[in-house]
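Structure, as structure tokens:
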Amino acid sequence: MKNRFYLGACVFLLLMQGMAVCNAQNKDFANLKRYAESNRVLQQEQGSAVKGRVVFMGNSITEGWVRIDGKFFEENGYVGRGISGQTSYQFLLRFREDVIKLKPEVVVINAGTNDVAENTGPYVEEYTFGNIVSMVELARANGIKVVLTSVLPAASFGWNKTITDAPQKIAALNKRIAAYADEQGLPYVDYYHALLADDGRSLDATYSKDGVHPTLEGYRVMEPLIKKVLTEVLGSGSGK
């Protein structure tokens, strides 16, 4: 009887410990710790705004870009701040730590894929668009130039097959981001049409293995598009 009680107590304590770990992880909703050390190092090296520094704010598409073709970032002085699975809500929460405090000259914002995939809750275009606008306003308030980019095409998401209208939602969000960029005089980089398959819905299989994340070939299509715009923004003082 005592042995059963002891065993039950141990199981209970293990479960409680597991729950505590999960809760502790969930408390860092924005995953601020992901780049905390890298940010600290960069901040120690800088004084005022760092001329020529560009921060890429994004999700796994940005994170994967740094991993798959890090040379592109290193050679151009670009800083990747992508976190896999994140939505625009999480971008906004970590924008000060991962962008503003690094004092870049330019920030490139790529947001929306995981919002549409409903990674952190139901997708509401107005809220996602509002988060993007808020990041633009935060950047401008801190003297940082902004480049907006389109959401990449995706016909579906392997991790959430309940989403059946991703192409329509992505196209609508991109239209809204492009219109806002035009209205605000911000550069807008259209990855969407450069990577779109002939079906007009999905990411061309030439550039992706899972229909969401680019391969090296996909990133090589994106690179000249963004580099051209960034060269112009850094050279002309536009982008605000």
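Residue pairs whose Cβ atoms lie under 9 Å apart, sitting 6 or more positions apart in sequence or on different chains, and linking a residue in segment 210-239 that is among the hydroxyl-bearing types (Ser, Thr, Tyr) to a partner that is surrounded by 14 or more Cβ atoms within 10 Å (Cβ to Cβ) and not in a helix (DSSP H, G or I), are Thr215/Ser208; Tyr219/Asp69; Ser238/Lys145; Ser238/Leu186; Ser238/Pro187. Only one of Ser202, Ser208, Ser150, Ser236 is surrounded by fewer than 19 Cβ atoms within 10 Å (Cβ to Cβ) and among the polar types (S, T, N, Q). Can you tell me which? Checking each option against the conditions leaves just Ser236. Exactly one residue out of Ala141, Ala111 is farther than 25 Å from Leu195 by Cβ, aliphatic (A, V, I, L, M) and without any contact (Cβ under 8 Å) to a residue 60 or more places away in the chain: that is Ala141.
Every condition in (1) aliphatic (A, V, I, L, M); (2) surrounded by fewer than 22 Cβ atoms within 10 Å (Cβ to Cβ); (3) under 18 Å from Ile177 (Cβ atoms) is met by Ile109 except one, and the failing one is (2).
If you check Thr164, Thr87 for being of a type in the set (Ser, Thr, Tyr), assigned by TED's automatic domain parsing to the domain that holds Pro214 and more than 22 Å from Asp190 (Cβ to Cβ), only one passes: Thr164.
Do you know which residues across segment 114-138 are in contact (Cβ under 8 Å) with a residue 24 or more places away in the chain and β-branched (Val, Ile, Thr)? Val116, Thr120, Thr128, Ile132, Val133, Val136, listed by residue number. Within segment 123-138, not a single residue is at pLDDT 95 or above, in contact with a Pro (Cβ under 9 Å, 6 or more places away or on another chain) and not β-branched (Val, Ile, Thr).
The values are calculated or read from the model by the stated rules, or taken from the named source; none is laboratory data. It should be emphasised that the depicted structure is a prediction, and the values quoted were computed from it without experimental measurement. Every residue, glycine among them, receives a Cβ derived from its backbone with ideal geometry; neighbour counts consider all protein chains shown.
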